[in-house]
Amino acid sequence: MIEIKNISKTYPGQKVPALKDINLTIETGEFFGLLGPNGAGKTTMIKLLATLLKPGSGEIYIDGDLLLRSNRNVKRKLSMVTQEFSLRSNMTPEQIMELQGRLYQIPKAKIKERTKELLSFCDLYEHRKKVCRQLSGGMKRKLMLCRGLLTEPEILILDEPTVGLDPFARRQMWDLLKQLNDKGMTILLTTHYIDEAQYLCKRIALIDQGRTDRVESPSLLIKELGSTAVDEFDGNHTKSRFFAVREEALKYAASLENEFVIRSTTLEDVFVALIGKKLEAK
Amino acid sequence: MGIVTAIWEKWVEFKYEWLKITAAAMVSPLLYMIALGWGLGSMTSMDNIRYIDFLVPGLIAMSTMNNSFSSVATALNTQRIFEHSFEQIIISPTSLGQYVIGQSIGGSLRGIYSGILVLLIALPFGVSLKLSPIFFLVMFLNGLAFGALGVLAAILSVTHSDVGRFSTFIIAPMTFLCNTLFPLDKIPRVIQVLIQLLPLTHASSQLRSISYGQPASLFSILVLTAYSVVFILLSVFFINKRKNL
């Protein structure tokens with residue numbers, strides 16, 4: 001279980017905090033999403049969990065133990081796939097995996113076995129002897145996930161893991177993450193692809209301007225907004241309205257003069273509605 | 001375990017670029033030997049000794065220092081600021097203390113490698129030095145101190161240019177002043193005292209003494225060990241204390 005208690009963080013030279021009084025609890029085995037617009041504080045949160053940053057105030061506990069840069073027993077449970085490429089450009093995928101295994105004190109035979117298994121699954125095995133600078137962006141992204149999974153972590157932290165992947169590879173990764181979560185792995189995900197969060201996450205936290213707005217399941221957030229949407233295009237803009245029941249949506253649509261579409265509400269609608277309301281309020 | 005991992009990492013780095021590393025480590029000592037050893041040395045008289053025989057141990061100390069420092073500082077800073085791969089070290093359960101020691105040892109081994117290259121380059125110049133295990137121990141300790149200083153520089157640097165500035169203000173002055181190119185007794189006493197405090201002074205004077213067949217000074221060996229320990233402890237301290245790595 002991850003417990004984030006009263007976390008605040010202000011970067012040096014900045015007046016506005018990147019995170020303010022964040023409180024979250026992520027249960028063991030949960031697939032949890034952190035959503036928010038650019039600059040909302042998602043990556044700061046992830047970097048705090050990775051101990052790359054230290055909070056200004058507050059604490060993070062993993063299974064009751066305080067997470068610190070020096071607390072090796074806690075860090076053993078975590079693995080992280082960062083948003084930015086974080087690979088040694090002069091190392092081959094095979095060497096990257098070996099380095100990761102060595103850092104987590106995994107026996108050599110096991111490193112070899114897991115490397116073959118993971119690289120093969122991600123279609124990287126035939127590229128295992130190329131240095132990373134020769135790999136495409138998608139290959140690097142997959143390699144970073146392989147590296148994160150090599151250690152069989154209890155908690156996997158993923159910061160925008162599918163950026164730059166083609167739709168096929170993205171779905172392949174979704175399947176893998178679902179399987180791992182089904183086996184009990186706790187996964188914390190940040191993503192810009194809201195369909196991804198809707199498909200994968202059991203609960204999500206909406207984060208904006210360093211604060212958490214809502215922590216709910218995607219289905220409940222959608223239900224609250226209205227599960228049927230009507231998009232009306234007036235020639236310049238698309239206006240969306242949401243309805244609890246489809247019949248109401250049909251009735252409304254019948255009264256429209258402009259072009260319209262009736263569809264199911266998505267998590268993206270929730271996101272746009274909540275963040276949009278805040279922008280209007282400003 | 002973290003020590004072995006860091007040394008393995010440095011070995012992988014070396015394997016990938018060994019030819020470039022070897023060529024780069026040879027250029028500057030070769031130029032010093034031609035310009036100072038042959039050129040200026042022919043106009044210089046020293047007590048019972050050729051200038052080039054005086055120069056070469058100083059060049060070994062200098063080369064060990066430069067290569068140990070830069071192999072660690074540049075690589076680690078690139079991994080921290082550009083490649084972001086240092087993040088994986090921080091996230092992992094590997095002891096950061098062990099990792100710093102391993103990086104410093106890896107840097108020191110690169111320093112010894114460059115020192116051996118200087119010895120090989122010196123052969124055609126007719127330089128013959130008396131080598132012993134303690135000669136290599138001094139090279140190792142010199143490399144260890146500057147490898148650890150390289151870790152410290154990489155951690156404290158905010159931009160990649162800061163590593164260059166660290167070299168300009170700390171490494172370059174030592175290159176010229178620390179008993180490497182000329183004997184210390186030729187400069188004013190006050191400056192001599194200050195220079196005696198620096199690690200490279202002890203490394204070059206010891207390498208010179210040993211290569212002349214004289215006994216090594218235990219004090220200098222302890223000074224180099226103390227510098228290594230202090231730089232390693234400072235590196236671990238700053239890795240643990242920095243709020244934004």
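All of the numbers you see were taken from the coordinates with simple rules; none came from a lab. Fair warning: this is a prediction, and the values are worked out from it, not measured in the lab. Glycine gets a Cβ as well: all are built from the backbone with ideal geometry, and neighbour counts include every protein chain shown.
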ask   = Per the Debye formula with a single identical scatterer at each Cα and no solvent contribution, what log10 I(q)/I(0) holds for chain A at q = 0.07, 0.15 Å⁻¹?
value = -0.31, -1.15
request  = From other protein chains only, count the Cβ atoms within 10 Å of every residue's Cβ in A:111-124, then give the mean.
outcome  = 0
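For peptide A:67-80, what's the mean number of Cβ atoms from other chains within 10 Å of each residue's Cβ? Please list the in-between numbers first.
Values: counts 0, 1, 8, 6, 1, 6, 1, 1, 5, 3, 1, 3, 3, 5.
Other-chain Cβ atoms within 10 Å of each residue's Cβ, averaged: 3.
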task = With 5 Å bins from zero, work out the P(r) of the range B:1-80 over every alpha carbon pair and list the percent per bin.
result = 3, 12, 18, 19, 14, 11, 8, 7, 5, 2, 0
inquiry  = Give me P(r) over the range A:174-213, computed from all C-alpha to C-alpha distances, binned every 10 Å, as integer percentages.
reply    = 25, 54, 19, 2
request  = Please report how far the C-alpha centroid of the range A:40-119 lies from that of the range B:39-89, rounded to the nearest whole angstrom.
outcome  = 34
ask   = What is the range B:73-161 by shape, rounded, prolate or oblate, if you read a ≥ b ≥ c off the alpha carbon gyration tensor as root eigenvalues and call it rounded for a/c under 1.5, prolate for a/b larger than b/c, and oblate otherwise?
value = prolate
query = Which helices, counted as full DSSP H runs in chain B, have an axial Cα extent of no less than 30 Å and a Kyte-Doolittle average of -1.0 or above?
reply = B:2-32, B:51-81, B:96-122, B:133-156, B:218-241
request  = Take peptide B:10-19, look around each residue's Cβ out to 10 angstrom, count Cβ atoms belonging to other protein chains, and average those counts.
outcome  = 2
Highest-first arrangement of A:53-66, A:10-23, where packing means the average Cβ count within 10 Å = A:53-66, A:10-23
request  = Would you please report the Å³ per residue occupied by the convex hull of the alpha carbon atoms in the range B:58-120?
outcome  = 70
key: Cβ-Cβ FRET estimate between B:V158 and B:I187, R0 fixed at 25 Å, reported to 0.05   = 0.10
task = Mind giving me the FRET efficiency for A:A273 and A:F168? R0 is 35 Å, r the Cβ-Cβ distance, nearest 0.05 is fine.
result = 0.65
note = quick shape note, the range B:115-205: Cα extents on principal axes in Å, largest first -> 45, 32, 23
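Within the P(r) computed for the range A:52-126, what percentage of the Cα pairs occupies the region above 22 Å?
38
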ask   = For the residue pair B:I134 and A:S217, what label-to-label distance in nm results when each label sits 7 Å from Cα along the Cα-to-beta-carbon direction?
value = 7.6
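Would you calculate the convex hull of the Cα atoms in the range B:2-243 and tell me its volume per residue in Å³?
Values: hull volume 30.7 nm³, N = 242.
Taking only Cα atoms, the range B:2-243 has a hull volume of 127 Å³ per residue.
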query = In nm, to one decimal, how far is the modelled label at B:L19 from the one at A:K178, with both set 7 Å along Cα→Cβ?
reply = 5.0
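Can you tell me the convex hull volume per residue for the range A:134-282, based on C-alpha atoms, in Å³ to the nearest whole number? Write down the numbers at each step before the final one.
Details: hull volume 24.6 nm³, N = 149.
So the per-residue Cα hull volume is 165 Å³.
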query = Per Stokes-Einstein, at 25 °C and 0.890 mPa s, what whole-number D in µm² s⁻¹ belongs to the range A:60-187, with the Kirkwood radius over Cα pairs as the hydrodynamic radius?
reply = 163
Principal axis box of the protein assembly as shown, alpha-carbon based, largest edge first, Å = 108, 49, 49
note = For A:K15 and B:L233, extending 7 Å from Cα along the Cα-Cβ vector and measuring point to point gives, in nm, a value of 4.2
task = Working from Cα positions, state the angle (0 to 90°, nearest 10) between the long axis of helix A:167-182 and the longest principal axis of chain A.
result = 70
